[in-house]
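Each remark here refers to the structure printed beneath this line.
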Number of protein chains: 2
Amino acid sequence: MQRYIRMLREGKLKITPRREAILAYFIKEGKYATPEQVWKKLRISLGRLGLPTVYRNMEEMHQLGILVKVEGVENRFYYGLCRAEDPQVHHHHIICQGCHKVREVEGCLVGSLSKQIEAKTGFKLTGHTVHLQGLCQSCIIADGG
Amino acid sequence: MQRYIRMLREGKLKITPRREAILAYFIKEGKYATPEQVWKKLRISLGRLGLPTVYRNMEEMHQLGILVKVEGVENRFYYGLCRAEDPQVHHHHIICQGCHKVREVEGCLVGSLSKQIEAKTGFKLTGHTVHLQGLCQSCIIADGG
DNA sequence: AGCATAAATGGAAAGCATTTTCGTTTACGC
DNA sequence: GCGTAAACGAAAATGCTTTCCATTTATGCT
């Protein structure tokens with residue numbers, strides 16, 4: 001928790017009960033979630049909680065690299081906690097299709113191939129997004145047996 | 001054009017003036033576009049044209065592999081014509097950030113690394129999406145000089 | 001060519017995720 | 001503690017996308 005609090009401070013964001021609750025949610029769940037899902041859960045314990053607040057905070061945390069944002073099914077956006085040592089170091093994420101767990105994938109899948117791609121296409125690569133879907137250990141077992 | 005008409009037939013979709021116009025638009029432009037952009041352009045020549053029709057047709061063409069669908073800026077969806085010989089053969093696309101031109105990138109960027117990723121993460125890969133952004137030859141020149 | 005029919009279409013309206021507005025509340029540096 | 005800018009909640013707005021439904025049209029069959 002402390003490292004995320006630190007990241008909020010570095011981003012000039014105040015430490016509020018709502019932000020702490022959102023962080024706690026993601027640390028505890030370890031899964032990706034929509035602002036609405038987070039809101040439905042935290043609303044109970046926090047008493048008053050506005051949905052726009054959750055949207056705002058999750059987007060801000062995404063800007064700071066605390067949360068990854070992925071396009072999920074049915075045109076909605078999901079956020080997951082990024083646990084990488086240094087979120088600034090480029091990496092990708094894989095999400096379990098069974099339990100929605102998020103895991104970091106060290107290194108870059110495109111980097112080593114970028115020269116080839118540029119040679120073949122004549123394009124100069126300026127960026128990329130990679131979304132990996134998979135099944136985690138637990139869900140493989142659940143699936144298979 | 002004929003190969004896309006064939007793909008529509010194989011998908012049990014009728015060949016209508018609207019569908020032909022949408023295909024012609026993408027063949028001519030070679031860029032990705034939102035349903036609204038296509039609609040604004042074709043509305044003029046087609047006289048009457050409903051925006052839902054464009055949305056419907058572009059999504060159907062996406063389902064048939066005729067159009068690729070990418071998440072663009074400001075949470076909107078863009079579609080681009082897939083010119084790959086066989087769209088069923090897995091490949092990726094790179095989009096020019098300057099002119100929005102779409103180009104196929106043969107081969108798969110994840111395939112060769114999937115074993116490593118699975119070993120490292122313990123996940124079993126089930127799918128992935130890769131979006132490449134770049135600058136095409138013309139736009140590099142325009143950009144640099 | 002004409003006919004039957006299921007598919008396609010347009011316009012209006014609805015749906016729905018997300019954002020904005022704005023008055024009130026709160027974190028936090030001093 | 002106090003002042004102030006930031007954060008917040010509620011309601012409303014926004015804007016992309018889809019649905020509904022009555023009308024039109026492509027197409028297979030004679």
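The values are calculated or read from the model by the stated rules, or taken from the named source; none is laboratory data. Computed from a prediction, not measured in an experiment: that's the story for all the values here. Cβ placement follows ideal geometry from the backbone for every residue including glycine, while neighbour counts extend to all protein chains displayed. Keep in mind that these areas ignore ligands, DNA and RNA; they rest on the heavy atoms of the full protein, side chains included. Shrake-Rupley method; radii C 1.70, N 1.55, O 1.52, S 1.80 Å.
Centre-to-centre, using Cα atoms only, region B:79-145 and region A:1-39 are separated by 32 Å.
Which value at 222 nm does chain B reach when only helices count, each DSSP H run of 4 or more adding -39,500 (n - 2.57), with the total divided by all residues and rounded to the nearest 500 deg cm²/dmol?
Working: 6 runs with 63 residues, N = 145.
That calculation yields -13000 deg cm²/dmol at 222 nm.
Report, in debye and to the nearest 20, how large the dipole of chain A comes out about its Cα centre when Lys and Arg carry +1 and Asp and Glu carry -1 on their Cβ. Intermediate results must be reported in sequence, preceding the final value.
Numbers: 22 positive and 14 negative charges, 115 e Å.
Result for chain A is approximately 560 debye, rounded to the nearest 20.
Provide the net charge surrounding A:ASN75, with neighbours chosen by a C-beta distance below 12 Å and charges set as Lys +1, Arg +1, Asp -1, Glu -1. Once positives and negatives cancel, what remains is -1. If you take the alpha carbon atoms of region A:1-82 and fit the smallest convex hull around them, that volume is 85 Å³ per residue. Within the shell of other residues whose beta carbon sits under 14 angstrom from the beta carbon of A:TYR55, the net charge comes to +4, with Lys and Arg scored +1 and Asp and Glu -1. Mean separation of Cα pairs under 8 Å and 6 or more residues apart, divided by the residue count, gives chain B a relative contact order of 19 percent. Ascending distances from the A:CYS108 label point to its copies in the other chains, with the point 7 Å along the Cα-to-beta-carbon line: 2.3 nm. Ordering B:SER112, B:LEU8, B:ALA21 by the projection of their Cα atoms onto the charge dipole of the protein assembly as shown, which places +1 on the Cβ of Lys and Arg and -1 on the Cβ of Asp and Glu, puts B:ALA21 at the extreme positive end. For A:GLU85, the label point sits 7 Å beyond Cα toward Cβ; its separations from the matching points on the remaining copies run 4.4 nm, from shortest to longest. The amide H of A:GLN97, built 1.01 Å from its N in the peptide plane, has A:GLY134, A:LEU135, A:CYS136 as neighbours under 5 Å, considering only residues 5 or more places off or on other chains. No solvent, one uniform scatterer per C-alpha: report log10 I(q)/I(0) for the protein assembly as shown via the Debye equation at q = 0.08, 0.10, 0.13 1/Å, two decimals. Those come out to -0.43, -0.67, -1.05, one per q. Given +1 at the Cβ of Lys and Arg, -1 at the Cβ of Asp and Glu and no other charges, the dipole of the protein assembly as shown around its Cα centre is 800 debye to the nearest 20. The lysines within cross-link reach of B:LYS120, meaning a Cα-to-Cα straight distance under 26 Å and a gap of 8 or more places when in the same chain, are A:LYS28, A:LYS31, A:LYS69, A:LYS101, A:LYS115.
Return the single residue from A:CYS96, A:CYS108, A:CYS82 with maximal mean-square fluctuation; model: Gaussian network over chain A, springs between Cα atoms under 10 Å. For chain A, modelled as a Gaussian network with Cα springs under 10 Å, the answer is A:CYS108. Note on chain A: with neighbouring protein chains present and a 1.4 Å probe, carbon and sulfur make up 52 percent of its accessible heavy-atom surface. Taking the protein assembly as shown as a whole, the Cys residues whose C-beta sits 4.7 Å or farther from every other Cys C-beta are A:CYS82, A:CYS99, A:CYS108, A:CYS139, B:CYS82, B:CYS99, B:CYS108, B:CYS139.
Roughly how many debye, to the nearest 20, is the charge dipole of region B:1-83 about its Cα centre, given +1 on each Lys and Arg Cβ, -1 on each Asp and Glu Cβ, and no other charges? Working shown, then result.
Numbers: 17 positive and 8 negative charges, 73 e Å.
It works out to roughly 340 debye.
When you look at the Cβ of every residue in B:131-141, what mean number of other chain Cβ atoms sits within 10 Å? Before the final figure, lay out each step's value.
Numbers: counts 6, 11, 6, 11, 5, 4, 4, 1, 2, 3, 0.
Neighbouring Cβ atoms belonging to other protein chains average 5 per residue here.
The residues of the protein assembly as shown expose, per residue, 56 Å² of accessible area to a 1.4 Å probe. Near B:HIS91: Cβ cut-off under 10 Å, other residues only, Lys/Arg at +1 and Asp/Glu at -1. The net charge is -4.
Of all the options B:PHE77, B:PHE26, B:PHE123, the one that moves most in a Gaussian network model of chain B with Cα springs shorter than 10 angstrom is B:PHE123. Once you've got the GNM for chain A with C-alpha springs shorter than 10 Å, pick whichever of A:ALA33, A:ALA119, A:ALA21 has the biggest mean-square fluctuation. Taking springs between Cα atoms under 10 Å, the residue moving most is A:ALA119. Amide H contacts for B:THR34 (H built 1.01 Å from N in the peptide plane; partners 5 or more residues away or on another chain; cut-off under 5 Å): B:TYR79. Per-residue mean of foreign Cβ neighbours for A:108-120 is 3 (Cβ atoms of other chains, 10 Å radius).
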